[in-house]
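One structure below.
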Amino acid sequence: INFALERALVSAEDFKKVKALSKESGKPPYEVAIDLGVLTDIGLKKSMADYLGLPEMATDSIVDLTDECTSVIPKRYAIENRIVPVDVTAKEIKVAISEPTALRSIGGAKLISGKAVSAVVISPAEMTSLLAYIKGESQSIRVKTVLPPEPTIDKNVVVAQAPAPISASIEELSKTNK
């Protein structure tokens with residue numbers, strides 16, 4: 001949630017509200033912000049990817065982790081460092097991260113695997129789902145995506161109205177001025 005405040009994804013007022021409700025409920029601030037609708041998982045993912053200069057990984061492409069993916073880096077390392085291998089080739093591992101601090105673990109992943117490592121950004125909810133799957137707490141990788149609310153439009157409010165077209169000719173206007 002601090003990243004969201006720094007990137008102006010939430011207001012200072014919402015940040016304080018989220019912190020207070022988090023403390024009161026015992027839920028992590030990120031979950032409280034999502035529940036309140038002051039932050040979206042998709043919005044945070046996009047902002048994180050832009051900030052880090054890394055590509056986003058599409059939610060629907062996270063459908064299955066093969067044994068090869070989950071065995072190339074020890075599960076404990078992946079869980080503790082929040083760095084999940086999502087694709088493996090002969091020369092490279094693609095890892096998913098959801099926070100800037102996970103970048104520090106890429107060097108360790110390279111050392112452990114002996115392969116080049118590239119990173120993609122996923123959302124915190126996607127990371128939670130992937131980690132639950134790796135831990136054996138979930139049988140599938142399903143992420144509940146919360147979309148931003150649709151803007152409401154009050155059809156009774158007129159924002160601006162164009163002036164009525166001028167239909168009178170110059171001759172007609174000059175006659176009325178005489």
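The values are calculated or read from the model by the stated rules, or taken from the named source; none is laboratory data. For clarity, every value in this text was computed on a predicted model and none was experimentally measured. All Cβ positions, glycine included, derive from the backbone under ideal geometry; neighbour counts span all protein chains shown. Ligands, DNA and RNA are excluded from the accessible area calculation, which covers all protein heavy atoms including side chains. Shrake-Rupley method; radii C 1.70, N 1.55, O 1.52, S 1.80 Å.
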Query - Members of the stretch 1-37 that are open to solvent by 80 Å² or more (accessible area, probe 1.4 Å), of a type in the set (Lys, Arg) and closer than 21 Å to Glu126 by Cα - result: Arg7
Query raised in the report: Got a sec? Which of Asp67, Asp50 is at pLDDT 90 or above and not hydrophobic (A, V, I, L, M, F, W, C)?
Result: Asp50
Report task. Name every residue in the stretch 1-27 that is of a type outside the set (Phe, Trp, Tyr) and closer than 20 Å to Asp50 by Cβ, in order of residue number. Result -> Ile1, Asn2, Ala4, Leu5, Glu6, Arg7, Ala8, Leu9, Val10, Ser11
Report task. State all residues of the stretch 100-129 that are hydrophobic (A, V, I, L, M, F, W, C), open to solvent by less than 50 Å² (accessible area, probe 1.4 Å) and in a helix (DSSP H, G or I); if no residue qualifies, say none. Result -> Ala102, Ile106, Ala109, Ala125, Met127
Query raised in the report: Are any of the residues in the stretch 59-67 within 25 Å of Glu13 (Cα to Cα) and not aliphatic (A, V, I, L, M)?
Result: no
Query raised in the report: If you scan the stretch 3-54, which residues turn out to be touching a helix residue (DSSP H, G or I) at 6+ places or on another chain (Cβ under 9 Å), among the hydrophobic types (A, V, I, L, M, F, W, C), part of a helix (DSSP H, G or I) and in contact (Cβ under 8 Å) with a residue 40 or more places away in the chain?
Result: Phe3, Ala4, Ile34, Ile42, Leu44, Met48, Leu52
